[in-house]
1. For the structure I just gave you, tell me whether ILE89 is in contact with a helix residue (DSSP H, G or I) (Cβ under 7 Å, 6 or more places away or on another chain) and either at positive phi or of a type in the set (A, V, I, L, M) (or both).
2. Would you confirm, using the coordinates I've provided, whether LEU77 is in contact with a helix residue (DSSP H, G or I) (Cβ under 7 Å, 6 or more places away or on another chain), modelled with pLDDT of 95 or more and buried (at least 16 other Cβ atoms within 10 Å of the Cβ)?
3. Which members of segment 10-54 meet the condition of being of a type in the set (Val, Ile, Thr) and under 21 Å from GLU104 (Cβ atoms)?
4. Counting only residues that are loosely packed, with under 14 Cβ neighbours inside 10 Å and farther than 22 Å from MET1 by Cα, how many does segment 25-43 have?
5. What residue, of HIS28, HIS22, is over 20 Å from the mean Cα position of the chain (by Cα) and without any contact (Cβ under 8 Å) to a residue 24 or more places away in the chain?
6. Can you name the residue in segment 86-111 that is in contact (Cβ under 8 Å) with a residue 40 or more places away in the chain and under 15 Å from LYS33 (Cα atoms) and is also surrounded by the fewest Cβ atoms within 10 Å (Cβ to Cβ) among such residues?
7. Filter segment 40-69 for residues that are more than 15 Å from the chain's Cα centre (by Cα) and not aliphatic (A, V, I, L, M) and give the result.
8. Does PHE52 fit the bill of being among the aromatic types (Phe, Trp, Tyr) and in contact with a helix residue (DSSP H, G or I) (Cβ under 9 Å, 6 or more places away or on another chain)?
Amino acid sequence: MNVYKTFPIEAARSLPNLPDGHPCKNVHGHSFKITITVCGDVDEHTGFVLDFSDIDAAFKPIHDQIDHSYLNKIDGLDNPSSENLCKWIWAELIPSLPGLSQIEIKETDSTGCIYKGE
C-alpha cells in the first residue's frame, strides 16, 4: 500500500542551461507542492504503513534547506529543474525513509514531474 504526504515549498531558481530569451533562464519563483510517497505493508498492530510524522521527520531537514531559498545556491542544484530537484530530494531522503517509492513535484496546478528512483 502507498501512503503520501504533500509539503508546500516556496523557492526561487534560474535554469542556466536554457537558451537566452527563455523566461525560465531568469530568476523566478514557484509555490512547489512536493509529495513524498512510501510503499509498505500495513502493520497489523498500528494499522499504519508508516506514521505520517515519520515522513515529516525525514523531510524536515530538506524542507528547512530548500523552503524560501534560492535553489541554485544549494550544493548539487546548480541546474534546479523540477526533474533535477526530484532526483536530489530522492538522494537526500532515501537513507532515512525506507520504503520511499515516489517523489512528485508540482510547479503549478498543471505541470510537474514524478521520480521513482530509476
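1. For ILE89, the condition - in contact with a helix residue (DSSP H, G or I) (Cβ under 7 Å, 6 or more places away or on another chain) and either at positive phi or of a type in the set (A, V, I, L, M) (or both) - is met.
2. Yes.
3. Hits for segment 10-54 are ILE34, THR35, ILE36, THR37, VAL38, VAL49.
4. So the count comes out to 5.
5. Every option except HIS22 fails the conditions.
6. Within segment 86-111, the match that is surrounded by the fewest Cβ atoms within 10 Å (Cβ to Cβ) is THR108.
7. GLY40, ASP41, ASP43, GLU44, HIS45, THR46, GLY47, PHE48, ASP51, PHE52, SER53, ASP54
8. For PHE52, the condition - among the aromatic types (Phe, Trp, Tyr) and in contact with a helix residue (DSSP H, G or I) (Cβ under 9 Å, 6 or more places away or on another chain) - is not met.
The values are calculated or read from the model by the stated rules, or taken from the named source; none is laboratory data. Quick caveat: nothing in here was measured; it's all calculated off a predicted structure. A quick note on method: Cβ atoms are made from the backbone with ideal geometry, for glycine too, and the neighbour counts reach across all protein chains shown.
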